[in-house]
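What follows draws every value from the coordinates through simple rules; no lab data is involved. No experiment lies behind these values; they were computed from the predicted model shown. Don't worry about glycine lacking a Cβ; one is built from the backbone with ideal geometry, like all the others, and counts go over all protein chains shown.
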Amino acid sequence: MLSIFKKKNNNSLTAFSTGKVIPIDQVNDEVFSSKMLGDGIAIYPENNDVVAPCDAEVTMIMEETRHAMGLKLANGIELLFHIGIDTVSMNGEGFSIHVKSGYKVNKGDKLISFDKDLIKEKGLDDVVIMAVTNSDEYKSIKYKVDIQAVLNDTVIATF
């Protein structure tokens, strides 16, 4: 089904945004910081885009609020991207989706654009979270945190 991915060695994730990378347990949201939705990392963004950290399939999009999206890698790893804390309250204002559910994306493809200044104007946290929702099945993932990541360049996780 995802045969296009067999051409590339997909054993790492690159930065989905430019900025400071922190462990997910430091995110100011108990659902994410408690790893209820899975282990992962977050980036305090310096840019306004989230890109695919590797080749994957888009599995879920929050269509109305446009603040979250799911990807599935060929090896089965499932990623959830969530832009900001409590940004669901913005009802999609300041967010643009560039893909559709079912799309196969390549590393670096733009997924979501967002207005980080508007998020901050609303008094909300603009941190971009990446949770591995099935991290219990993928214990070998190693996250690189406390680094300054460059969009589509810096390796932020290996497996």
Extending each Cα 7 Å along its Cβ direction at ASP86 and GLU63, get the distance between those two points in nm, one decimal. 2.8
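Shape verdict for the stretch 85-141, please, from the Cα gyration tensor: rounded (a/c under 1.5), prolate (a/b greater than b/c) or oblate.
Working: a/c = 2.49, a/b = 1.45, b/c = 1.72.
In terms of gyration-tensor shape, oblate.
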Among ASP153, ASP115, rank each residue by its count of other Cβ atoms within 10 Å, from fewest to most, as a rough exposure measure. ASP153, ASP115
Please state the shape class of the stretch 16-106: rounded when a/c is under 1.5, otherwise prolate if a/b exceeds b/c and oblate if not, all from the C-alpha gyration tensor. rounded
Virtual spin-label span in nm between ASP117 and SER33, 7 Å along Cα→Cβ: 2.9
Report the label-to-label distance for SER12 and THR154 in nanometres (one decimal), using points 7 Å from each Cα along the Cα→Cβ vector. 1.4
Relative exposure of THR59, THR18, THR158, judged by other C-beta atoms within 10 Å (fewest first): THR158, THR59, THR18
If you rank HIS67, HIS98 by fewest surrounding Cβ atoms within 10 Å, what's the result? HIS98, HIS67
